[in-house]
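The values are calculated or read from the model by the stated rules, or taken from the named source; none is laboratory data. Just so it is clear, the structure is predicted and the values come from calculations on it, not from any experiment. Note that we place each Cβ from the backbone using ideal geometry, even for glycine, and neighbour counts take in every protein chain shown.
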Amino acid sequence: MAQKASISSKRLTVDRLLSKLGIASRGTSQDWIRAGRDRINGRVVRDPATWVLWPKDSVSIDDQPIQDSVKRFFLFHKPKGVITTHSDEKGRKTIFDVLPPDLGYMHAVGRLDQATSGLLLLTNDSALSSVLTDPTHKVMRTYLVSVRGEFTQAQAAEAVVGVVDGGELLQCHSVKIQKSSGRESHLEVVLIQGKNREIRRLFKSLGHEVTRLRRIQYGPFKLEDLPSGAWREIPIEDVRKSLRL
């Protein structure tokens, strides 16, 4: 079980506690609590204004004890077929069914859909997560993409300009054609933001079904030879140096 945070003993509301520990913003914490994901001393609470005596009281999210003030950061090779969430009402397998429970409470930096594999970042540092996901910071994500049919340079240029789908502009930062034939094409695609299913939607708009999608890099962090389902911790100071924070 994770150690308790080093906040001095005090009485505060549970939403404020989660925010102060850097687990989530106060607004996100309130949403989690109202959804019944939070327990205090083993009892589900749904009121964000519930008082907690910290660290005397035991607090957990999705049955995971909240992490202490020591920030942690992991690279995880997400397998295809699992979803990026803590729990699923449909009973589908999640990334946290694959990961060891003694990591403590972690959240994913962005998402990968169920059919996508590759690099997923995990942390308990909400400020660091915000840096990595905020579009204004232009943190690049690199994917290997396979699509049906021949993909042309003209279509690659169109993907960079962008297409509108559902009132939303979808675009790639760059597209490199590694191999293209009448049957299938293999591409390296770079994004600078993470809209929902952006690559699949964009390429569908261009007339190509994505048959395989794997993320190999997020900012300075690379998947490299990390096996599927495996994880590796990076010291938080090394993470901050890599991001020049």
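The conditions of being touching a residue at least 40 places away in the same chain (Cβ under 8 Å) and either within 25 Å of Tyr218 (Cβ to Cβ) or not acidic (Asp, Glu) (or both) are not met by Gly36. Checked against (1) more than 28 Å from Ser242 (Cβ to Cβ); (2) surrounded by 17 or more Cβ atoms within 10 Å (Cβ to Cβ), Ser181 passes all but a single condition, namely (2).
Say whether the condition of being modelled with pLDDT of 95 or more and of a type in the set (Lys, Arg) is met by at least one residue in the stretch 220-233. The answer is yes, given that some residue of the stretch 220-233 is modelled with pLDDT of 95 or more and of a type in the set (Lys, Arg). Of everything in the stretch 116-137 that is among the hydrophobic types (A, V, I, L, M, F, W, C) and farther than 17 Å from Tyr105 by Cβ, the residue that is modelled with the highest pLDDT is Leu119. The set of residues from the stretch 128-171 being under 17 Å from Arg212 (Cα atoms) and in a loop (DSSP other than H, G, I, E, B) comprises Gly149, Glu150, Phe151. Ala108 meets the conditions (1) closer than 19 Å to Gly194 by Cβ; (2) small (Gly, Ala, Ser); (3) not in a strand (DSSP E or B) in every case but one. The failed one is (3).
Checking each residue in the stretch 89-105 for being assigned to a helix (DSSP H, G or I) and farther than 30 Å from Val189 by Cα picks out Pro101, Asp102, Leu103. Among the residues of the stretch 185-206, some residue qualifies, meaning at least one is outside the structural domain of Met106 (by TED's automatic domain parsing), touching a Gly at 6+ places or on another chain (Cβ under 9 Å) and assigned to a strand (DSSP E or B). Taking the criterion of being part of a strand (DSSP E or B) and modelled with pLDDT of 90 or more, the residues of the stretch 62-88 that qualify are Phe73, Phe74, Leu75, Phe76, His77, Lys78, Ile83. Selection of first residues in the stretch 193-209 that are on the phi < 0 side of the Ramachandran plot and surrounded by fewer than 20 Cβ atoms within 10 Å (Cβ to Cβ) and of second residues that are in a helix (DSSP H, G or I) and at pLDDT 95 or above, restricted to Cβ pairs under 7 Å at least 6 apart or on distinct chains, gives the following pairs, ordered by first then second residue: Leu206/Gln155; Leu206/Glu158; Leu206/Ala159. Screening the stretch 207-222 for residues that are in contact with a Ser or Thr (Cβ under 9 Å, 6 or more places away or on another chain) and outside any strand (DSSP E or B) and picking the one that is farthest from Leu121 (Cα to Cα) gives His208. Report whether or not Leu202 is closer than 21 Å to Asn124 by Cα and modelled with pLDDT of 95 or more. No, not satisfied.
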